[in-house]
Amino acid sequence: MNVHRVVEDLRELAARTSTDEGAQRLAWGPVWRDAREWFKAKIAEIGLRVDTDSAGNNWVTLPGQSSKTVIVGSHLDSVPNGGWLDGALGVMAALEALRIHAPGTPPVTLKLVDWADEEGARFGRSLLGSAAAAGSLKVDEVRGLEDRHGTTLVEALTENGVALDRMLDAHLELKAVDARAYLELHIEQGPVLESMQKSTGVVLGTFGVERNMVRFTGQAAHSGSTPIPMRRDAFLAAAQLALECREIARRHSKPGAGVVCTVGVVNVEPKIVTAVPGVCEISLDQRALDASVLAAMLHDAHAASEQAARDNNVSVEWRPIWRIEPRLFDAALVGLCEAAVREETGEAPRLPSGPLHDAAEMVPHMPVVMMFAYSSNGLSHCKEEDTPVPHLEKTIRAYLRLVEKTIAHVAAASP
C-alpha cells in the first residue's frame, strides 16, 4: 500500500491535463483522450491492459481465483476548469488496489473501471457511460444533444470510436460479469466533513432528485403606470415560490437526514427595466435521501406554486426535467466501509451524497458503497478544489482497507 504514489499520480495527471485555470479533461475531447493514454501506460506497467466497452467505459481486469468480481473505480473526465481530485482520486486509488494484487492472483477477480462522461459537462447528460452500462440510458433522448460549438453528441462519440446506437450493449457486457461489489472513492464536494474536522466519511447513498421548470404567466405592463395592486407580476410569484421552497426544505430536514432545494435558473420576460415581468420561469431542484420525504417536498412545492399564482393573479405550469429515485447503498458494504474508516481515522461519520455519482447507476445491479474524502472549503468543480494531503492519505489508506475487506467478504460468500 503506497498512498504517496497515489498522490504523486494525481499530481502528475493534473500537471499533464490542466491549465492555470484548472483541469481540462472534458469528456470525448483531446485532453481527456490524452489522460486515458497516460493511464493506459500506468496499467501497462503492472502487466495489464485496458479494454473499452460499447459505451466508451474503460475496464482493467485482474483475474482472480474466482469469477466473483469486485469493481473499483470512478472517472477521469472533468468539468472545464475543474479540480485535480474530482473523479481522478477514485481511479488512482483503484489503480493502487490493482498494484497491490497484480504480482499474484487475488482470491476474487478485480476490475477497475474508468466511466466515460460522468460529468456531462459538454452535452448536459451526466453519468452517460455508467447509465449505458446500467441499461438506464434512453438513447433517443440524447441523440439530438449538441455542445456549445454545435458539435453533436453523435459526432463526438464517433470521433472516439463509440456508436450511440450500440452504447446499450455495454449493459449486456456488464451483465456478463459476476459483479459482487462496486466501491467508489470520491471527494465530498461539500463542507460537512471539514465542518466536523474529519478526514473521511461513509456514504449512505445518493440523494433522489426531482428537477422541474416552473413557469408563471401573468401580464407584462408598464412599470410606471401600473399600480401595484393591479399588477400580474410573474416574477414575484416565482420569487414567492423560491422562498417557500427553502422553507419546505427546512421543514423536512432532520438531524442526519438533511434535504436541499435549489433555484438555479431564473428567466423573465420581457426583461426590460421599465416593464412588469409578464412571464417568469425558474428551475427547481429538490433532493433527499428518503423517497417519501422527497415526494412530500414535491407535493408541498406544487401547493406552494398554486398559492403563489393565486396571490399574484397569475397562472402556473410545471415541466419535468429529470428525476432519479434515492439510491441507498448496501448495508453490509456500508458496515465494511465504516470499519475501514474507523480503523484508519478513529471515527466513521455517515453522510448522504447530494451530488450524483456513477455509483448510483450501479445500485440496482450489485452491492455498492462509496467513501468520501474531506473537501477544503467544500469546493469542487473549480481550480481551488483541494484536500490537505494528510487527510487525503488517510482516506486513501481507508479505501484500500475497504477493498481488502470487500475482497475477503466476497471470497467468503456463497457461490
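FRET efficiency for the Glu146 to Arg319 pair, using the beta carbon distance and R₀ = 22 Å, is estimated at 0.60.
Projected onto their three principal axes, the Cα atoms of the stretch 210-271 cover extents of 51, 21, 13 Å, largest first.
Note that the chain carries a Kirkwood radius of 22.7 Å, evaluated over its alpha carbons pair by pair. Between Val139, Thr217, Gly120, the Cα set farthest toward the positive side of the dipole of the stretch 109-227 (charges on each charged residue's Cβ, about the Cα centre) is that of Thr217. Working note: Karplus 6.51/-1.76/1.60 with θ = phi - 60° gives the stretch 184-197 the couplings 10, 9, 8, 6, 5, 6, x, x, 5, 4, 4, 5, 8, 6 Hz, where Gly and Pro are set to x. The convex hull defined by the C-alpha atoms of the stretch 176-307 has an orientation-averaged projected area of 12.3 nm². What would the Debye formula give as log10 I(q)/I(0) at q = 0.13, 0.19, 0.25 Å⁻¹ for the alpha-carbon point model of the stretch 40-94, no solvent? Log10 of I(q)/I(0), two decimals: -0.40, -0.81, -1.19. Surface analysis of the chain yields an accessible area of 42 Å² per residue, using protein heavy atoms and a 1.4 Å probe.
For the stretch 1-49, the mean projected area of the C-alpha convex hull, equal to one quarter of the hull surface, is 4.0 nm².
Principal axis extents of the C-alpha atoms in the stretch 52-195 (largest first, rounded to whole Å): 48, 42, 23.
Evaluated at q = 0.09, 0.13, 0.18 Å⁻¹, a Debye calculation over the C-alpha positions of the stretch 266-415 (equal weights, vacuum) places log10 I(q)/I(0) at -0.50, -0.82, -1.16. Packing order of peptides 311-317, 224-230, highest average first: 311-317, 224-230 (average count of other Cβ atoms within 10 Å over each peptide's residues). Roughly how far apart, in whole Å, are the Cα centres of the stretch 304-359 and the stretch 146-160? After rounding, the separation between the Cα centres reads 31 Å.
If you model the stretch 306-376 as an ellipsoid using its alpha carbon gyration tensor, with each semi-axis the square root of five times an eigenvalue, the axes come out at 39, 17, 10 Å, biggest first.
Each principal axis of the Cα cloud of the stretch 59-124 was evaluated for its coordinate range; sorted largest first, these ranges are 41, 20, 11 Å. Its Cα centre serving as origin, the chain has a Cβ charge dipole (Lys and Arg +1, Asp and Glu -1) of approximately 520 debye. Rounded to the nearest whole Hz, the Karplus-based 3J(HN,Hα) values (6.51 cos²θ - 1.76 cosθ + 1.60, θ = phi - 60°) of the stretch 353-369 follow the sequence 9, x, x, 7, 9, 4, 3, 4, 6, 7, 3, x, 10, 6, x, 9, 8, with x at glycine and proline. Counting only protein heavy atoms and a 1.4 Å probe, tell me what percentage of the stretch 122-169's accessible area is made up of carbon and sulfur. It is 44 percent, rounded to a whole number.
The GluC sites (Glu not before Pro) of the stretch 353-415 that DSSP puts in a loop, and whose beta carbon has at most 15 other beta carbons within 10 Å, are Glu384.
As a length-normalised measure over Cα pairs under 8 Å and 6 or more apart, the relative contact order of the chain settles at 21 percent. Taking trypsin sites (Lys or Arg not before Pro) as exposed when DSSP calls them loop and at most 12 other C-beta atoms lie within 10 angstrom, the chain has its longest site-free stretch at 272-415. When the chain is treated as a GNM with alpha-carbon contacts under 10 Å, the residue of Pro320, Pro80, Pro349 showing the greatest mean-square fluctuation is Pro320.
Each residue of the stretch 272-285 is assigned a 3J(HN,Hα), and the resulting list reads 10, 5, 9, 10, 5, x, x, 9, 9, 10, 10, 8, 9, 10 Hz, derived from the Karplus form 6.51 cos²θ - 1.76 cosθ + 1.60 (θ = phi - 60°), x at Gly and Pro.
The values are calculated or read from the model by the stated rules, or taken from the named source; none is laboratory data. Bear in mind the structure is a predicted one, so any value in this text is a computation, not a measurement. A quick note on method: Cβ atoms are made from the backbone with ideal geometry, for glycine too, and the neighbour counts reach across all protein chains shown. Surface accessibility is based on the protein's heavy atoms, side chains included, excluding ligands, DNA and RNA. Shrake-Rupley method; radii C 1.70, N 1.55, O 1.52, S 1.80 Å.
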